[in-house]
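Beneath this line is the structure, given in structure tokens, with notes to follow.
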Amino acid sequence: MSHATAGHGYPHAKTLGDWIKRWVFTTNHKDIGTLYLLTSLLMFFVAGAMAMLIRMQLIHPGNRLLDPDFYNQMVTMHGLIMVFGVIMPAFVGLANWQLPLMIGAPDMALPRLNNWSFWLLPFAFIILGSTLFMNPAPNFGWTFYAPLSTTYGPPSTDYMIFAIHIMGLSSILGSINIIATLLNMRAGGMKLMDMPIFCWGWFITAFLLLGIMPVLAGTVTMMLTDRHFGTSFFNAAGGGDPLLFQHLFWFFGHPEVYVLILPAFGVISEIVPTFSRKRLFGRSIMIYAIGIIAFLSYIVWVHHMFTTGVPLAAELFFMYSTMLIAVPTGVKVFNWVTTMFRGSLTFETPMLFAIGFLFFFTIGGFSGLMLAIVPADFQYQDTYFVVAHFHYVLIPGSVFALMAGVYFWIPKWTGYMYNEKIGQWHFWLTVISFNITFFPMHFLGLAGMPRRIPDYALQFTDFNVIASIGAFIFGLAQLLFLYNVIYCIRGQGRKATDRVWEGARGLEWLTPSPVPYHTFTHSSEFEKGESH
Amino acid sequence: MKKPKSIAIILGLVAIGMFGFAYLMVPFYNVMCKKLGINGKPSLTPIAQSNEEDSSRMLTMQFVTSINANLSSFEFSTKTISRQFHPGDNETVLYFVKNNTDKEMTIQAIPSVTPGLAAQYVKKTACFCFTQQTLGPHESRIMPLLFHIDQSIPADINTLTLSYTLFAAKNRI
């Protein structure tokens with residue numbers, strides 16, 4: 001048994017100055033987790049508003065709502081902010097809140113570093129956001145391919161480069177902290193393999209981040225020197241090669257998509273057993289599967305570049321290695337379904353989002369397999385089929401898992417239950433409107449509608465209208481999530497019990513609700529099998 | 001178990017190492033492309049003319065010229081759009097270049113071959129792309145290219161495209 005002592009209460013600031021000092025200088029993992037989560041929630045609505053503008057422009061052909069260059073800026077910023085400003089910080093926020101609680105640690109291993117990794121982010125986003133006032137903002141898509149971003153990039157590109165440097169630094173520091181925490185701060189008796197799966201998801205993700213964020217930083221540094229200091233890394237005129245940019249970018253970019261999904265796997269692996277009231281099926285295999293996926297993610301990047309004229313042998317290698325990822329992923333989906341099999345299931349909001357994750361992430365995985373096939377990819381490349389694919393893996397994959405995680409843990413954080421009825425409405429509106437928005441994009445892509453254009457041929461009108469209507473419902477439905485978050489923070493709901501969920505297991509549920517400001521201040525003990 | 005601080009230092013060094021790895025990829029990429037001949041860059045060293053031909057098969061070669069955006073006031077063209085010949089035939093193609101500015105300009109032509117794997121079989125004896133060219137104000141010039149296609153070129157390659165892009169050669173680091 002472990003003891004979670006109810007230590008000191010939350011600090012109560014008397015003046016505004018005290019309040020600012022508390023949040024700016026905090027080294028408490030719970031405060032920093034909250035800061036991360038609220039920042040990403042804000043960014044979610046900012047980048048979501050950009051998506052609404054994109055769909056408004058595409059609601060009928062020949063629309064003159066947005067200037068085409070501004071449309072390109074919206075597409076670029078929507079992608080950059082959703083990846084770097086929403087999903088990544090939100091998972092780091094969950095990690096900050098949950099990892100110490102789940103392993104019975106009083107805080108992260110390096111609390112001051114933790115404060116710094118968060119407070120770098122607002123500056124990065126201010127620098128990135130400021131480009132919107134420098135007409136034109138970056139307008140070459142979130143992949144910022146050279147030479148679009150070097151020779152032809154607008155002056156504001158330099159601001160984007162520095163924003164990426166700062167975000168990268170923040171991610172690297174955060175990963176170092178997470179690895180150090182999980183290696184050092186576990187409760188007595190908790191072996192590495194005993195760690196909850198969410199911790200494992202993050203442990204492996206942190207290594208991925210450590211491997212790829214410096215490569216991205218190097219790549220944008222090369223862009224910077226190409227733009228201003230006369231180097232020719234990506235400039236054919238000086239003996240460089242634009243294709244090298246794509247290799248470097250996707251060497252970062254492909255593991256990056258697993259950075260966005262592996263913590264989600266962890267969240268789902270906590271929620272599915274809880275609401276099935278069973279143990280996770282094949283626990284150690286789930287951990288190995290995450291490790292194998294992480295390894296494979298480093299050797300598949302060329303599948304983003306099949307049409308660049310890479311040799312046949314490389315196309316075959318990357319096609320097969322990409323398809324290989326379906327094996328460990330399939331194992332994971334199988335194990336989640338098997339965990340639910342003959343369980344005594346209940347369908348509270350976190351579980352609904354987890355099931356939505358299972359179903360629609362798998363569909364996104366299937367369209368990924370279609371894209372992995374080289375000859376098929378020659379047709380799908382740069383069409384709306386790709387847009388449909390990555391929104392199917394990123395929204396039900398990462399975003400649903402984040403929503404599920406927040407609904408799952410917010411009663412523990414705030415001490416109050418969210419409004420279940422609103423939560424259910426949120427889920428059903430989200431999942432239905434998500435499909436209305438993105439399912440037709442598969443058909444648009446197969447019919448040949450290219451991505452990243454502000455206008456399209458007449459025959460694509462009907463599906464685009466459907467997609468736009470779905471997007472507006474999706475956007476509005478997210479206000480229900482905001483409502484529920486505020487509902488919990490203000491304590492309007494029913495009080496949460498300590499265990500919160502009947503089937504919950506793990507050290508974090510042994511703490512009182514709301515969780516005290518300081519937990520596990522005395523060394524705690526862990527018995528094998530206490531976590532899912 | 002190590003202290004958090006030493007873990008942090010080790011992991012920090014890993015991160016710095018990966019930053020260096022990104023830069024290491026640049027020469028590695030160039031060497032790999034050169035050795036495997038996969039990115040369509042033909043050799044820039046002169047090679048002796050061929051003295052026998054393989055008359056059993058015919059190749060089609062297409063010639064493309066383009067000007068980089070930073071040289072828009074130049075003219076660059078060839079009258080030979082496409083030519084058929086045998087592997088091992090010595091061929092000459094003439095390119096026309098004209099400087100329409102009032103300044104002396106130095107230019108560099110960068111070749112690229114499609115399909116990429118065919119680049120290693122394009123053997124050039126003389127080429128204006130080997131060196132930078134300096135043209136006075138409004139000067140025009142005919143620049144020759146002397147080459148042959150190696151007889152060992154795989155049988156599945158029938159058509160090649162040789163493209164030259166003209167760049168202004170600034171002083172680069």
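Structure notes:
- Protein-protein interface of segment A:163-180, residues with accessible area decrease of at least 30 Å², isolated chain reference, 1.4 Å probe: A:Ile176
- Unsatisfied cross-links (Cα-Cα over 24 Å) in the set B:Lys79/B:Lys124; A:Lys30/A:Lys495; B:Lys103/B:Lys123; A:Lys14/B:Lys5: B:Lys103/B:Lys123; A:Lys14/B:Lys5
- Once B binds A, the 1.4 Å probe can no longer reach about 2600 Å² of accessible area, counting both sides.
- Pair A:Ile489, A:Ile453: separation of 7 Å Cα→Cβ label points (nm): 4.3
- The label-point distance for B:Thr106 and A:Leu479, in a model that sets each label 7 Å from Cα toward Cβ, rounds to 6.4 nm.
- Accessible area (Å², 1.4 Å probe, nearest 10) - A:Glu348: 40
- Of the solvent-accessible surface of segment A:29-510, computed with a 1.4 Å probe over protein heavy atoms with every protein chain present, carbon and sulfur atoms account for 73 percent.
- A probe of 1.4 angstrom, applied to the heavy atoms of all protein chains, finds A:His522 with accessible area near 120 square angstrom.
- In the context of the full set of protein chains, residues of segment A:29-510 present 34 Å² of accessible surface per residue (probe radius 1.4 Å, heavy atoms only).
- When the alpha carbon coordinates of segment A:465-532 are projected onto the principal axes, the ranges are 58, 28, 21 Å, largest first.
- Rolling a 1.4 Å probe across the protein heavy atoms gives chain B an accessible surface of 54 Å² per residue.
- Computed from the Cβ-Cβ distance with R0 of 51 Å, the FRET efficiency linking A:His12 to B:Arg83 stands at 0.05.
- Comparing the full protein assembly with the isolated chain (1.4 Å probe, heavy atoms, ligands and nucleic acids excluded), the residues of segment B:105-137 losing at least 10 square angstrom of accessible area are B:Ile110, B:Leu117.
- Each Lys and Arg adds +1 at its Cβ and each Asp and Glu adds -1 at its Cβ; summed about the Cα centre, the protein assembly as shown shows a dipole of about 1680 debye.
- Accessible carbon and sulfur surface of segment B:1-88 relative to its total accessible area, %, 1.4 Å: 63
- Full-extension gain in nm, A:Asn435 to A:Asp462, via 0.36 nm per residue minus C-alpha separation: 8.2 nm
- Measuring only protein heavy atoms, the 1.4 Å probe finds A:Lys191 accessible over about 140 Å².
- At R0 = 22 Å, FRET efficiency that the Cβ-Cβ distance of A:Ile422 and A:Asp498 yields, to 0.05: 0.40
- Each residue, B:Ala69 and A:Asp67, gets one label point 7 Å from its Cα in the Cβ direction; the gap between the two is 1.7 nm.
- Radius of gyration and maximum dimension Dmax of chain A, Cα, Å: 22.8, 68
- Neighbouring partner chain Cβ atoms per residue of A:241-250, average, 10 Å criterion: 3
- Springs join every pair of Cα atoms under 10 Å in this Gaussian network model of chain B, and among B:Val97, B:Val14, B:Val113 the largest mean-square fluctuation is at B:Val14.
- Residues of segment A:305-331 buried by at least 20 Å² on assembly (accessible area, 1.4 Å probe, chain alone as reference): A:Pro311
- Under 20 Å of direct C-alpha separation, and excluding same-chain neighbours fewer than eight residues apart, A:Lys191 reaches these lysines: A:Lys528, B:Lys2, B:Lys3.
- The calculated FRET efficiency for the pair A:Tyr288 and A:Leu446, based on their C-beta separation and a Förster distance of 30 Å, comes to about 0.25.
The values are calculated or read from the model by the stated rules, or taken from the named source; none is laboratory data. Quick caveat, the model's predicted, so the values are computed rather than measured. Every residue, glycine among them, receives a Cβ derived from its backbone with ideal geometry; neighbour counts consider all protein chains shown. Just so you know, the surface numbers come from the protein's heavy atoms only, side chains and all, with ligands and any DNA or RNA stripped out. Shrake-Rupley method; radii C 1.70, N 1.55, O 1.52, S 1.80 Å.
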